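First comes the structure, then the notes that go with it.
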Amino acid sequence: MAPQPSGAGSNKPRKRKRHVRSYSLQLPSKPFPLASFIHPFRSSSMQRLVLPTVLTTAFIFRWAVTYGPYSGEHTPPMFGDFEAQRHWMEITIHLPISRWYWYDLQWWGLDYPPLTAYHSWLCGIIGSIVDKSWFALDDSRGYESYNQRVFMRATVAVSDYLIYIPSIVIFTKWYSRTTGTDKYDRYIGLAILLASPGLIIIDYGHFQFNSVMLGLAILSFASFLADRLLWGSLLFVMALCFKQMGLYYAPAVFAYLLGLCVSFGSGGGDEEGMNGGLNIAGLVKIDVQTLVLLGITVISTFGIIVAPFVVFHGAERGALEQLGQMVHRVFPFARGLWEDKVANFWCATNIVFKYREKLSTASLQKISLAMTILAILPFCLLLFLRPKKRLLPWGVAGCAWGFFLFSFQVHEKSVLLPMVAMTLVVAGGVDRDLLSWIGWANNVAMFSMWPLLRREGLGLQYTVLTALWSWLLSLHELPSSIFAKALHVGFYAGAIALHGAELSIKGGVVDRFPDIWVVGNVILCFGAFVAMYLWCLYRMADEAGLLDEMMLQQPAGEVEKERLKKVE
Amino acid sequence: MDSEHPTFNQCLVLATALKLLLIPAYRSTDFEVHRNWLAITHSLHPSKWYLEDTSEWTLDYPPFFAVFEWVLSQFAQFFDTGMLQVKNLNYGSMETIYFQRLSVIVSELVLILSLRRFINIQASPQSKKVANIISLSLLLSPAFLIIDHIHFQYNGMMFGILIFSLTDALTDNLLRSGILFAILLCFKHIYLYIAPAYFAYLLRKYCLGENLFDIQIVNCIKLGSAIVSIFGVAFGYFAAIGQIPQLLSRLFPFSRGLCHAYWAPNAWALYAFLDRVLIHIAPRLNLSVDSASLGSATRGLVGDTSFAVLPNIPPRVTFLLTLAVQIVCLVKIFLQPNPSKFIGSVTLCGFASFMFGWHVHEKAILLPLVPFSLLALQDRRYLGAFRPLAVAGHISLFPLVFKAAEFPIKTAYTILWIMVFFMAFDTVVPVAKSQRVFLLDRFEIVYMTVGVPLILYTEIFHFAIFGSRLEFLPLMFTSAYCALGILGSFLGFFVLYLTG
């Protein structure tokens, strides 16, 4: 594996034993149904149809999910997330900007960052053109009608297709370029991302706009892959300003960017843009220019987005008070360690150790912060020390798992963040192992949201989407390692047993412990999520070449770099 | 078959997943119609089936379908007995919806099996490939999705029986073909429209030999006794208790008007459209306008249609026109009795009855559409004639599912189907052996381009501009547009059939 002269090995990457992740060489191609559906588009005459077809099919299934109930449908007095989103459209179009974060906070007060508020404003304005009564101030609370429902569903679909879908198309393009994946595999990756059930059922079923935040974040990752660091950081700040949950990704993104600007040692550093850099004792080189530009981009993007609140702070309150209220609403630290049952460390181990009874909220916050930092540290360090494009989604996913497992105030829906980030790696080509793990991760995430989905009456959509996903990826085929096999089979058996028991057992034990199914769900999913966290770490270390180094006792870094240069 | 990707079964799984997700979608009054039939057949003695009239949706299908409903009701009682009460009008519990929707999905198995058989009877790998694409196009047809899985009917099962019968005819298994068709008629009498083609073909091919006077007595007896006994089983009981007149009055309600509520896109829709246009220019042409009927065809009620300027059409005329077209193709099939011509004649009989029939439903477009699909890939000329029908036939079904929530799905699905299958058809269809007779190519492109703005107008812009006023306008445009396409397709195919 010595470095080759540059002209010689254009097909070199294929020959490496690791990472030959292409099915397109196999004819006929039928490793799993999803690939089979993309198969007809391999011929050049059909290729221009692949995107329209895949995107339209994805749309049909997404829209078909909207026939199910939404969160809080016909359930006064408080309704649910649907009403929250509708209410924000209502207040943003009727009230001056200075009152958005203050108005009657008991009724679904705005608690998302400003970009969500602007988005709500836009949707509200358009909706009001169709029918004013949908968003009449105060009078429209809990308003539900057929046309309004269709309109609201359409806002989700339009936002999704304007932001999330283009962003994953662009991401798959750049990531497949980074990893040297061919077109067929790239479209398979895109189709896998589109078929991923979690985001569909939460946005189109439960009703939220997660796809906007995720879309902006993924678009920023794509920009990083395309070497457009400033655009990427701008988009990432926008993602954060749409939904604070984007913070799950932030440390990884920060570490990656910092890693690009800082390099160690004399040889082998990333040469690009290093000419005017700061050199400390010949050991550390810092690209000050890029660093400063990144800082300016981030701060000014934040500034522009919150500026309206500062400028139009209103007569009764100052600008600082406005910003303080925004931060206070967006980060509700006053609330407890968790609200609903969620499959993270705190909720799962709470069964044995009652945290909230034995420790104060303040000390719990500190402990949880420390544990989160510890959990995300390996991923951030890896990205910082080896800021390679192909590692980006792994690092981001692992970081998000760390947050999900250990941080404060986690919701069950937050599992979408690590899950979507983790699923992104399929754009770099898939093999059976990767497919089984990613498929499994999505299934676990769906199962972990089951208590919520059941409550909202989305059982049909849950069943169909999960079954379809499992079938499309042939998830009955397990990964090769015996340990992973046992893990997957164990989880599936547990999940099916829990579903079966919940359906068939009534009364008795259930009356005494009404939460028994949810607790079972939490324990099972927590175990699976920890496994996923570790798997991400393992795979990332593998991709980074660390495992090779350890086993072969030779630096694979240079080989890898040579290889990637050729590919790119 | 193994090299075909995606496989038939894979498409089937994907389509079924979509159909399951559509369970909570809009359903028309036909849902209540079938629920009522479940209740009637389950709770009443057969002698009361065709007398019961608590609901306005009385049982108006032939006895086999009633028995089918009875069989379903045996399973329905495990879901919810509420749906089996005749008095529970508009009953729609969650269990009822799931049961009825699932019954449609399961009964479609007949269509699936028939399509599989259609693939299996093909001899060469090339024709298997073609048959595979045709079967997929039917399995995934937007027509079945809209009519059966959203609007609610059991066409998948009915057309499955028809395709079984047609494949039997293709393999010269004529006795079984005839028997299956007789059974089909006892399920749903709309197939009477294509019965003349069956009659002519079976008579010529099965009952007569090479020579017209060489009568195959044994075959005649076999076929005759089979058909008589099938009808005997179906109608015998009702004949015995003297209910045949009552039954017939239910099956053939002649009191309805020329055009159905939504104006099925046939010749009469064009005629009515012309009439509407003439109202506005009649004064300049010194034509008399019958002011009493100005609002008639626009009100969209199931009732009599009368025209303001053009002469009214009596049922007799529609009957004679249909018969005239049918006789032409019957003569042809009598002279050239081969299986492909037979399917052509079935298609044309369906076309004729759709184009000129009395009180035609837009759903009846399936009658020409399904058999024509089986022939569409014979060569480029057939495909050229088929495409306008495929476009217009599907668009004409849009008004059936008129609610806003289903607009995205019906349009996206139809566009996807047209995109994928027109491309797939193009890759496998053989070049025509002779010159094209009909200049359909140009017509086709213009026609399809016009379709896009039309759908946007009828489904979105009209309501944005006029609100709920002039409600008939989009329907009229859709009908006239689709009628034009179907007429073009009909004429193109007619020429191909007669000259080929």
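The values are calculated or read from the model by the stated rules, or taken from the named source; none is laboratory data. This is a predicted model, so every value here is computed, not measured. For neighbour counting, all protein chains shown are included, and Cβ atoms are generated from backbone atoms with ideal geometry for every residue, glycine included.
Taking (1) within 14 Å of another protein chain (Cβ to nearest Cβ); (2) closer than 18 Å to A:Y70 by Cα in turn, A:D131 satisfies each apart from (2).
Look at (1) of a type outside the set (K, R); (2) over 28 Å from the mean Cα position of the chain (by Cα); (3) not in a helix (DSSP H, G or I) and you find that A:G68 fails only one, number (2). Considering (1) more than 14 Å from every other protein chain (Cβ to nearest Cβ); (2) buried (at least 19 other Cβ atoms within 10 Å of the Cβ); (3) assigned to a helix (DSSP H, G or I), the lone condition that B:S47 does not fulfil carries the number (2).
Just one of the listed residues (B:E444, B:E459) is in contact with a Gly (Cβ under 8 Å, 6 or more places away or on another chain) and either within 14 Å of chain A (Cβ to nearest Cβ) or of a type outside the set (G, A, S) (or both), and it is B:E444. Helices (runs of 4 or more DSSP H) fully within the range B:342-433 that include at least 3 residues being out of contact with any helix residue (DSSP H, G or I) (no Cβ under 8 Å at 6 or more places or on another chain) and farther than 29 Å from B:D168 by Cα: none found.
Whether a residue is more than 14 Å from every other protein chain (Cβ to nearest Cβ), part of a loop (DSSP other than H, G, I, E, B) and surrounded by fewer than 19 Cβ atoms within 10 Å (Cβ to Cβ) was assessed, and B:L470 passes this test. Only one of the listed residues (B:Y154, B:Y206) is surrounded by 15 or more Cβ atoms within 10 Å (Cβ to Cβ) and under 30 Å from B:I23 (Cβ atoms). That residue is B:Y154. The residues of the range A:470-489 that are buried (at least 20 other Cβ atoms within 10 Å of the Cβ) and either at the interface with another protein chain (Cβ under 10 Å from one of its Cβ atoms) or at positive phi (or both) amount to a single one, A:L472. The residues of the range A:455-486 that are in contact (Cβ under 8 Å) with a residue 24 or more places away in the chain and charged (D, E, K, R), listed by number, are A:E456, A:E477.
Hey, any hits in the range B:210-218 for a residue that's more than 20 Å from B:Q336 (Cβ to Cβ), out of contact with any Lys or Arg (no Cβ under 6 Å at 6 or more places or on another chain) and assigned to a helix (DSSP H, G or I)? Looking for residues that are more than 20 Å from B:Q336 (Cβ to Cβ), out of contact with any Lys or Arg (no Cβ under 6 Å at 6 or more places or on another chain) and assigned to a helix (DSSP H, G or I), one finds at least one in the range B:210-218, hence yes. Could you please find all residues in the range A:176-203 being farther than 20 Å from A:W394 by Cβ and within 16 Å of the chain's Cα centre (by Cα)? Hits for the range A:176-203 are A:L194, A:A195, A:P197, A:I200, A:I201, A:I202, A:D203. Taking each residue of the range B:86-100 that is more than 24 Å from B:H45 (Cβ to Cβ) and looking for partners that are part of a loop (DSSP other than H, G, I, E, B) and modelled with pLDDT of 90 or more with beta-carbon atoms closer than 8 Å, six or more apart or interchain, yields B:S93/B:D80; B:E95/B:F79; B:E95/B:D80; B:I97/B:I23; B:I97/B:P24; B:I97/B:R27; B:Y98/B:I23; B:Y98/B:F79.
When the residues of the range A:43-65 are narrowed to those that are more than 7 Å from chain B (Cβ to nearest Cβ) and β-branched (V, I, T), which ends up nearest to A:Y146 (Cα to Cα)? Looking at the filtered set, the residue picked out is A:V54.
The residue of the range A:219-230 that is surrounded by the fewest Cβ atoms within 10 Å (Cβ to Cβ), among those that are out of contact with any Phe, Trp or Tyr (no Cβ under 9 Å at 6 or more places or on another chain) and in a helix (DSSP H, G or I), is A:L230. Evaluating B:F199 against the criteria (1) surrounded by 17 or more Cβ atoms within 10 Å (Cβ to Cβ); (2) under 24 Å from the mean Cα position of the chain (by Cα) leaves one unmet condition, (1). Which count do you get for residues in the range B:10-35 that are in a helix (DSSP H, G or I) and either more than 8 Å from chain A (Cβ to nearest Cβ) or out of contact with any helix residue (DSSP H, G or I) (no Cβ under 8 Å at 6 or more places or on another chain) (or both)? Of the residues in the range B:10-35, 12 are in a helix (DSSP H, G or I) and either more than 8 Å from chain A (Cβ to nearest Cβ) or out of contact with any helix residue (DSSP H, G or I) (no Cβ under 8 Å at 6 or more places or on another chain) (or both). Checked against the criterion of being within 14 Å of another protein chain (Cβ to nearest Cβ) and without any contact (Cβ under 8 Å) to a residue 40 or more places away in the chain, the candidates B:A405, B:A412, B:A390 yield just one match: B:A412. I need the full set of residues from the range A:30-42 which are more than 8 Å from chain B (Cβ to nearest Cβ) and not hydrophobic (A, V, I, L, M, F, W, C), in order please. The answer is A:P31, A:R42.
Table: residues versus (1) touching a residue at least 24 places away in the same chain (Cβ under 8 Å); (2) farther than 14 Å from A:Q208 by Cα.
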site	(1), (2)
A:T75	no, yes
A:W88	yes, no
A:T92	yes, yes
A:Q106	no, yes
A:A154	no, no
A:S159	yes, no
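Tell me, which residue of the range A:414-435 that is surrounded by fewer than 23 Cβ atoms within 10 Å (Cβ to Cβ) and touching a helix residue (DSSP H, G or I) at 6+ places or on another chain (Cβ under 9 Å) is nearest to A:R177 (Cα to Cα)? Result: A:L434. Checked against the criterion of being without any contact (Cβ under 8 Å) to a residue 60 or more places away in the chain, assigned by TED's automatic domain parsing to the domain that holds B:L22 and closer than 23 Å to B:C329 by Cβ, the candidates B:L192, B:L185 yield just one match: B:L192.
Considering the range B:451-467, and only residues there that are surrounded by fewer than 13 Cβ atoms within 10 Å (Cβ to Cβ) and among the aliphatic types (A, V, I, L, M), the residue that is nearest to A:F151 (Cα to Cα) turns out to be B:A464. When residues in the range B:110-130 are screened for being in a helix (DSSP H, G or I) and more than 16 Å from B:S165 (Cα to Cα), 6 of them pass.
May I ask you to verify whether A:S167 is over 24 Å from A:L234 (Cα atoms) and among the hydroxyl-bearing types (S, T, Y)? Taking the combined requirement at face value, the residue does not satisfy it.
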